[in-house]
Amino acid sequence: MGIDLTKWEAPPAPVGPTRWNFQPALAIEDDLVAVGGDLEPSTLIGAYRAGIFPMEVSGLPGVTGWWSPDPRGVLPLDGLRVTNSMRRSARRFDVRVDTCFEQVIRACADPSRKDGWINEGFIVAYTRLHRLGWAHSVEVFDRGGALAGGLYGVRVNGLFAGESMFHRQRDASKVALMALVDLMRASGMRLLDVQWSSAHLASLGVVEIPRAEYLRRAAAAV
């Protein structure tokens with residue numbers, strides 16, 4: 001792909017065991033399975049290993065919720081729908097990996113975005129995860145060198161937990177997703193988690209699976 005994958009391929013730094021007891025969420029009917037805790041690296045990685053991710057609780061600023069959606073949105077690595085428009089757009093951009101993680105997460109956290117929830121605490125926590133080798137960004141630049149779009153998420157062995165993506169130019173986030181899928185396939189990874197599906201994501205090939213099935217796939221991937 002002509003991309004520097006040094007950080008992507010390097011083993012992440014050990015984070016140690018979490019002090020929180022993440023139980024399987026099978027018996028809980030709601031997508032929100034816990035509240036509170038912290039955003040320490042060991043907590044975050046322990047949660048992803050258990051099929052859970054953090055997000056601020058709507059209407060409760062500063063309150064961290066831990067989520068395990070049922071159903072769960074996933075993108076099969078052989079199921080991404082690439083249109084001719086996306087292919088043409090890909091030729092207009094340059095793709096890089098892990099060169100400006102904080103810029104990407106701050107763009108995803110833009111407070112002007114609808115339903116934005118990424119606060120400074122999350123930015124600090126995930127930037128720290130990036131420095132430890134767990135969180136990664138895929139960045140799309142135009143020919144003038146401007147950041148046009150991108151995405152970020154957390155890699156745990158064969159799982160990539162996509163957190164958020166953004167675009168400033170048409171199709172830039174889709175190009176980032178195309179690059180991520182190619183990268184995951186080349187790395188022998190098996191599960192791309194997108195948390196919840198939407199009409200937009202479904203048009204790209206995202207499908208919904210029951211929580212129990214997701215937890216089985218996640219356990220195999222991590």
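Of note:
- Condition check for VAL82: assigned to a strand (DSSP E or B), in contact (Cβ under 8 Å) with a residue 60 or more places away in the chain, of a type in the set (A, V, I, L, M, F, W, C) and out of contact with any Ser or Thr (no Cβ under 6 Å at 6 or more places or on another chain): no
- Qualifying residues in the range 199-209 (those that are surrounded by 12 or more Cβ atoms within 10 Å (Cβ to Cβ) and in contact (Cβ under 8 Å) with a residue 24 or more places away in the chain) - the one farthest from VAL82 (Cα to Cα): ILE209
- The set of residues from the range 31-63 being among the β-branched types (Val, Ile, Thr) and at pLDDT below 95 comprises VAL33, VAL35, VAL57, VAL63.
- Taken over the range 1-33, residues that are out of contact with any Leu (no Cβ under 9 Å at 6 or more places or on another chain) and of a type in the set (Gly, Ala, Ser) amount to 4.
- Conditions (1) in a helix (DSSP H, G or I); (2) under 17 Å from the mean Cα position of the chain (by Cα); (3) among the charged types (D, E, K, R); number of the one not met by ARG216: (2)
- Checked against the criteria, ALA109 counts as over 18 Å from THR6 (Cβ atoms) and either outside the structural domain of PRO54 (by TED's automatic domain parsing) or over 13 Å from the mean Cα position of the chain (by Cα) (or both).
- Just one of (1) surrounded by fewer than 16 Cβ atoms within 10 Å (Cβ to Cβ); (2) part of a strand (DSSP E or B) fails for PRO17. It is (2).
- Candidate set: the range 192-213, residues that are part of a strand (DSSP E or B) and either charged (D, E, K, R) or outside the structural domain of PHE93 (by TED's automatic domain parsing) (or both); chosen: the one nearest to the chain's Cα centre (by Cα): ASP193
- Counted residues, the range 100-116 - those being exposed (fewer than 15 other Cβ atoms within 10 Å of the Cβ) and not basic (Lys, Arg): 6
- Among the residues of this structure, PHE93 counts as one that is at pLDDT 95 or above, in contact with a helix residue (DSSP H, G or I) (Cβ under 7 Å, 6 or more places away or on another chain) and either over 26 Å from SER58 (Cβ atoms) or in the same structural domain as MET55 (by TED's automatic domain parsing) (or both).
- Of all the numbered requirements in (1) closer than 23 Å to LEU60 by Cβ; (2) of a type in the set (D, E, K, R); (3) out of contact with any helix residue (DSSP H, G or I) (no Cβ under 8 Å at 6 or more places or on another chain), ARG131 misses one, and that requirement is (1).
- Qualifying positions in the range 9-64 - out of contact with any Gly (no Cβ under 8 Å at 6 or more places or on another chain) and among the aliphatic types (A, V, I, L, M): VAL15, LEU26, ALA27, ILE28, VAL33, LEU44, ILE45, ALA47, ALA50, ILE52, LEU60
The values are calculated or read from the model by the stated rules, or taken from the named source; none is laboratory data. Treat the numbers as computed from the prediction; the structure is a model and nothing was measured. Note: ideal-geometry Cβ built from the backbone for every residue, glycine included; neighbour counts use all protein chains shown.
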